Amino acid sequence: MWQLPKTEPLVLLNSHAEQVHTLAFSPDGKFLACADSDFDIYLWSDATAAKVGHVLRGHNDEVRCLAFSPDGTKLASAGADRVVHVWDVRDGKLVAGPNPKGRHAIAYIPGEKPRLASSAGKPCGCGT
């Protein structure tokens with residue numbers, strides 16, 4: 001994590017596996033989700049202090065997309081295993097999924113009743 005315009009990092013988040021494939025900040029900036037090469041998602045509750053809130057496990061292949069709900073209480077994940085999971089950010093529990101119907105790109109659609117959009121097709125490049 002960097003604080004621009006400084007060139008030295010504030011903190012290195014080294015708890016995850018060798019590579020991070022995608023990441024996303026919650027809308028309020030409180031949480032940072034990072035998907036690594038072990039197919040785990042690290043949910044940092046305080047990234048600037050390197051504090052991991054939860055490690056979310058359930059994917060069987062590379063996680064390629066992460067998206068927080070507009071209110072920041074849910075995190076959707078999708079990847080090469082062709083599964084979409086929805087996690088509760090507060091307790092780290094899986095609240096929806098899997099849905100193995102195809103390759104996915106995901107996004108939350110804001111509104112009075114937020115919805116999750118998932119598109120089948122080529123692997124998504126979100127987060128890259």
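Throughout, read-outs are computed from the coordinates displayed, never taken from laboratory work. This one's a predicted model, so the numbers in the text were calculated from it and none came from an experiment. All Cβ positions, even for glycine, are placed from backbone atoms using ideal geometry, and neighbour counts span all protein chains on display.
Points worth noting:
- Residue separation of Thr73 and Ala50 scaled by 0.36 nm, minus their Cα-Cα distance, works out to 6.3 nm of gained length.
- Amide H to amide H, with H built 1.01 Å from N, Ser37 comes under 5 Å of Ala17, Glu18, Gln19, His21, counting only residues 5 or more places away or on other chains.
- Length gained when the stretch Glu8-Arg90 is fully extended (0.36 nm per residue, less Cα-Cα span): 26.4 nm
- Relative contact order %, region 24-74, counting alpha carbon pairs below 8 Å whose residues are six or more apart: 35 percent
- The Phe25 and Asp61 beta-carbon pair, evaluated with R₀ = 35 Å, returns a calculated FRET efficiency of approximately 0.90.
- For Asp46, residues with placed amide H under 5 Å, excluding near neighbours: Lys51, Gly53
- Taking amide hydrogens as placed 1.01 Å from N in the peptide plane, the amide H of Lys74 sits under 5 Å from those of Ser69, Val89, each at least 5 positions away in sequence or on another chain.
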